[in-house]
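Each remark here refers to the structure printed beneath this line.
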Amino acid sequence: MNTLSHESCWVVTDGAAGNRRQALALAEALTPSIREIIVQLRAPWSWLAPRNLPGARLALGRNEDSLLPPWPKLAIGCGRQAAWTTRQIRRWSGGRCLTVQILDPRIDPAHWDLVVTPRHDGLHGDNVLHSLGSLNPIDDAWLADGRDAFVQFAMLPRPRLGVLIGGDRHGTPFDPAEADAFLAAIRTRHALDGGSVLVAVSRRTPAAILPRIREAFAGLPGMVWTGSADGANPYPGILGWADRLVVTPDSVNMLSEACATGCPVHTTVPASLRGKLARFHDELRAAGLLHDIDANTPATQAPLRETAVIAKEVARHLGLG
């Protein structure tokens, strides 16, 4: 018989920043005892994950030794490769390890004990929990840490306009014309409000766009971060110090995290916005959390903080102490 380990929770992802962030946020809201496992499946298992193929252990390659008993009480995964892995852990442990999968696994959710997915994914089931946005660790303490790490931003003139720039998304390239329109709209907003700008790109921002970003904000008070050559990533400081945030429309994670701060959040609405992403925008707007880039808003808004609520629901559904 396999026994439960003293590590109460394994966090399984493919190492992608957005997947790690969600899975770790949920795990940390449930327990301090966490082990993180990065899985890179071999082909052909990676192509079809989380669907099963024969010879599951062969799919793990170098990861095989990291997925052996004693099993934890709980395994949390995020992303397709993690979904394959948490599905196998549930089977290999004979159900003794409870499994939670974040994001729509695109197969029957009954293969996991719980699935946590945004409402705009449209997944339903007796073991499916819904959030509005993506899970994240942002709360008052996290924002205070971000301010402490970037105290120099306190000297910049207010209002401080935080600008978060994404990029290519699920095979849809970051349109240069839409990027130019976004940057021009921010310049217009700054011209009306004054103050300073705090700009950060993401890992998905195409390199070809970076010179346009630097040029767009040249001469304005503040800072522009386009990569490690510019120093430490100021993302926590931007979220902590911004009086207003503008986010490109492509990123569910960045929009969710911006909305968790409690300051007004704005975006543009390109013609390419459709499907699940369009539904997500509509839900944020209906909740009063997302606004057009030129909208007048109150200085603060109710923060979108769902991780603690989802963690309580996970604990209740799975009978965790």
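The values are calculated or read from the model by the stated rules, or taken from the named source; none is laboratory data. The model shown is predicted, which means the values in this text are computed figures rather than measured ones. In this analysis, Cβ positions are derived from the backbone assuming ideal geometry, glycine residues included, and neighbour counts consider all displayed protein chains.
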Across the range 239-262, what is the total count of residues that are in contact with a Lys or Arg (Cβ under 6 Å, 6 or more places away or on another chain) and not aliphatic (A, V, I, L, M)? 4
Look at the range 89-127 and say how many of its residues are farther than 19 Å from Ala27 by Cβ and more than 19 Å from the chain's Cα centre (by Cα). 12
Does Val309 count as within 21 Å of the chain's Cα centre (by Cα) and under 24 Å from Pro176 (Cβ atoms)? no
Among residues belonging to the range 250-287 that are within 23 Å of Asn19 (Cβ to Cβ) and among the acidic types (Asp, Glu), point out the one that is modelled with the lowest pLDDT. Asp250
Wholly inside the range 219-293, helices (runs of 4 or more DSSP H) that include 1 or more residues that are basic (Lys, Arg) and in contact with a Gly (Cβ under 8 Å, 6 or more places away or on another chain) are 275-286
Among (1) among the aromatic types (Phe, Trp, Tyr); (2) in contact with a helix residue (DSSP H, G or I) (Cβ under 6 Å, 6 or more places away or on another chain); (3) within 19 Å of His291 (Cα to Cα), where does Phe182 come up short? (2)
Being closer than 24 Å to Ser134 by Cα and in contact with an Asp or Glu (Cβ under 6 Å, 6 or more places away or on another chain) narrows Arg244, Arg204 down to just Arg204
Scanning the range 196-224 for residues that are surrounded by 17 or more Cβ atoms within 10 Å (Cβ to Cβ) and farther than 14 Å from Gly166 by Cβ gives Ser196, Val197, Leu198, Ala216, Phe217, Leu220, Gly222, Met223, Val224
Under 6 Å between Cβ atoms, at least 6 apart or on separate chains: pull out the pairs that start in the range 263-291 with a residue that is touching a residue at least 40 places away in the same chain (Cβ under 8 Å) and end on any residue that is of a type in the set (Asp, Glu) and in a helix (DSSP H, G or I). Pro270/Glu178
Test Val12 against the criterion of being in a strand (DSSP E or B), at pLDDT 95 or above and more than 19 Å from Ser131 (Cα to Cα), and give yes or no. yes
Hey, any hits in the range 162-170 for a residue that's assigned to a loop (DSSP other than H, G, I, E, B), farther than 17 Å from Leu273 by Cα and touching a helix residue (DSSP H, G or I) at 6+ places or on another chain (Cβ under 7 Å)? no
Checking Ala315 against (1) assigned to a helix (DSSP H, G or I); (2) within 19 Å of the chain's Cα centre (by Cα), which test does it fail? (2)
